[in-house]
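One structure is given here, and the rest of the page talks about it.
None of the figures in this text is laboratory data; all of them are computed from the coordinates on show. The model shown is predicted, which means the values in this text are computed figures rather than measured ones. Methodologically, a virtual Cβ is constructed for each residue, glycine included, from the backbone with ideal geometry; neighbour enumeration extends over all protein chains shown.
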Amino acid sequence: MSERPPFSPVIALLTLSSVWDAQLTAALKDLGLTTRKYGLLAHIHVTPGISFSELARRSQITVQTAHTAVRALQEEGLVSDATAQAGAASDLRPTAKGESALAEAERRLARLDAAFAQGAPTLTRALEGEPHDEPFGANLQED
């Protein structure tokens with residue numbers, strides 16, 4: 001019989017993340033949103049006229065991936081580009097349908113957040129205010 005590996009907070013956090021990502025995915029599905037599309041739509045809502053490069057940076061994806069995802073949001077009627085000209089800077093904005101989907105997604109996320117906080121209040125408090133784009137310092141690579 002093999003010995004159980006030592007506890008890893010990284011693996012525990014990744015496991016929790018996977019479980020709650022699945023919950024959010026299910027909650028957003030009928031709105032035509034994925035967690036990535038939800039995040040992109042939220043960034044566009046908060047910063048109307050955001051550039052593709054800034055949208056990609058905030059979402060930690062490539063500019064090409066941002067273009068592909070925004071194109072899907074446009075095809076679903078959730079986002080518009082007021083310029084939509086080759087060579088011109090984009091002017092991305094949520095449509096009325098996008099604003100409605102985002103508002104409903106936020107209500108559903110609030111219910112998930114409440115369930116998580118009720119089940120894991122200490123972890124919820126520990127996660128508040130933590131940096132999300134650079135975990136615990138810039139140099140995590142081994143020498």
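Sequence-distant contacts, meaning Cα pairs under 8 Å at least 6 residues apart, place the relative contact order of the range 18-91 at 25 percent.
A Förster distance of 25 Å, applied to the separation of the beta-carbon atoms of Ala72 and Arg107, puts the FRET efficiency at 0.65. Each helix, a run of at least 4 DSSP H residues, gives -39500 (n - 2.57); summed and divided by the residues of the chain, these come to -19000 deg cm²/dmol at 222 nm. Taking amide H as placed 1.01 Å from N in the peptide plane, Ser80 has its amide H under 5 Å from the amide H of Arg93, Thr95, each at least 5 places away in sequence or on another chain. When volume of the Cα convex hull per residue in Å³ is computed from the coordinates, the matching label among (i) 176; (ii) 122; (iii) 111 is (i).
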